[in-house]
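The numbers here are math on the coordinates, done by the rules we state, and not lab data. Just so it is clear, the model here is predicted, and its values are computed rather than measured. Cβ atoms come from the backbone with ideal geometry, glycine included; neighbour counts cover every protein chain shown.
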Amino acid sequence: MITCMRVKPGEVDSLRDWMAELMVRRDEVQETFKQETTRHEIAILLDGKDGPVLVYGMEAEDFEVGRAAYLASQLPIDLQHRHIMSRVLDGPADVEQLMNISAST
């Protein structure tokens, strides 16, 4: 799953700082991954035509289980993540999706 979100003006450095902190706190991130059935996450910052855009990609066994676990989590890192992301992000970015194909099972 990939989401593209606008970054609020003046919040790029806060977003960068938080993503750097997540890299330092990898053990805590890995714990959330177990609860959320997540295999991989990646965050990329792009310069969009209307300002910075966060492209957030995620692989998980079950996105519904993962989303519910994340929203219910009381782990300190998840509480901080929700708080910081709500502060720095400004809704979905206007992007053109060119392709979306999944492997058949």
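Descriptive notes on the structure:
- Filter result for the condition that a residue is without any contact (Cβ under 8 Å) to a residue 60 or more places away in the chain, among the aliphatic types (A, V, I, L, M) and under 19 Å from Ala93 (Cα atoms), over Val55, Val24, Val29: Val55
- Answer residue from the stretch 5-63, given it is aromatic (Phe, Trp, Tyr) and under 24 Å from Gln97 (Cβ atoms) and is nearest to the chain's Cα centre (by Cα) among those: Tyr56
- Inter-residue pairs, beta-carbon under 9 Å, first of a type in the set (A, V, I, L, M) and in the stretch 85-96, second assigned to a helix (DSSP H, G or I), 6+ apart: Met85/Leu15; Met85/Trp18; Val88/Val12; Val88/Ser14; Val88/Leu15; Val88/Trp18; Leu89/Leu15
- Residue list for the stretch 63-74, filter: out of contact with any helix residue (DSSP H, G or I) (no Cβ under 6 Å at 6 or more places or on another chain) and either closer than 10 Å to Thr32 by Cβ or surrounded by 11 or more Cβ atoms within 10 Å (Cβ to Cβ) (or both): Phe63, Val65, Arg67, Ala68, Ser73
- Any hit, the stretch 37-60, residues being surrounded by 14 or more Cβ atoms within 10 Å (Cβ to Cβ), in a helix (DSSP H, G or I) and hydrophobic (A, V, I, L, M, F, W, C): no
- So Pro9, is it surrounded by 11 or more Cβ atoms within 10 Å (Cβ to Cβ) and either free of Cβ contacts under 8 Å to residues at least 12 places away in the same chain or not charged (D, E, K, R) (or both): no
- Residues located in the stretch 18-36, provided they are of a type in the set (D, E, K, R) and surrounded by fewer than 12 Cβ atoms within 10 Å (Cβ to Cβ): Arg26, Asp27, Lys34
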